[in-house]
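Input: a single structure, listed below in structure tokens.
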Amino acid sequence: VWIQNRERDDVMRKRILSILLCLVMVVGLFPTMAFAADASGATTGNGTKSDPYIVTTFEELKAALEKDAMEMQYIKVPSGTKINKLLKPETYSTAIAATRQKTLIVDGSITVAGAVGSQVLDSLFTINGNSACLNIKGNGTLTFSANGSNGSNAVVHVENNATLNVSGGVTLSGKFNAAVYGMAVYNRGGTVNI
């Protein structure tokens, strides 16, 4: 009987030790999971005018501009930040489809190009529909290098009653080569205020 009780006690100790070890491992993962979430597209700031989202990568910029939020969202590319992206798009895709009401403050530089030999990259930004409004301001540069002669090839493509407002010293530059034209804004049934 005494040997059976001792064996039972040993089994219980092992179970308790196993449970404690599992808990310690799970608690130890929390900071790592939080860091991974920040590194994979989260931004600093809360998206308000006084505390805009600060973005420093193309993935962060795309996530912030495509976020489906009802209220006006403010996104900032800080001075000294250089975002460069070479994309292999699907046919006639846009790099970033901005949704709802967004204000993009560009004090750094953003350069996006369509990869040669890939499908046509239509534009850097597209805004589409009555509820879509993109305000671009700041002192930085937005550059789009088109890769096909049959897309809009614009930095911003405005569609279906969407609104684009550009202010400040920001520069929009559509690059082109011998076979491809480029432009700052392609307005197809929207409102553009510069």
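The values are calculated or read from the model by the stated rules, or taken from the named source; none is laboratory data. Model, not experiment: these values are computed from the prediction. Neighbour counts are summed over all protein chains in view; Cβ atoms, including those assigned to glycine, are modelled from backbone coordinates with ideal geometry. Quick note on the areas: whole protein, heavy atoms, side chains included, nothing else; ligands and nucleic acids left out. Shrake-Rupley method; radii C 1.70, N 1.55, O 1.52, S 1.80 Å.
Laid out as a table, the results:
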| read-out | value |
| --- | --- |
| Every residue from the stretch 136-148 that is surrounded by fewer than 23 Cβ atoms within 10 Å (Cβ to Cβ) and closer than 22 Å to LYS102 by Cα | LYS137, GLY138, ASN139, THR141, THR143 |
| Residue, nearest to the chain's Cα centre (by Cα), within the stretch 106-132, restricted to residues that are at pLDDT 85 or above and open to solvent by 30 Å² or more (accessible area, probe 1.4 Å) | THR111 |
| Count of residues meeting criterion [part of a helix (DSSP H, G or I) and either in contact with a Gly (Cβ under 9 Å, 6 or more places away or on another chain) or free of Cβ contacts under 8 Å to residues at least 24 places away in the same chain (or both)] in the stretch 53-72 | 5 |
| Matching residues in the stretch 25-63 - criterion: being open to solvent by 90 Å² or more (accessible area, probe 1.4 Å) and modelled with pLDDT of 80 or more | LYS49, SER50, GLU59 |
| Set GLY151, GLY174: member being crowded, with 19+ Cβ neighbours inside 10 Å, in a loop (DSSP other than H, G, I, E, B) and in contact (Cβ under 8 Å) with a residue 24 or more places away in the chain | GLY151 |
| Residues within the stretch 73-129 that are over 18 Å from GLY140 (Cβ atoms) and either in a loop (DSSP other than H, G, I, E, B) or free of Cβ contacts under 8 Å to residues at least 40 places away in the same chain (or both), tallied | 25 |
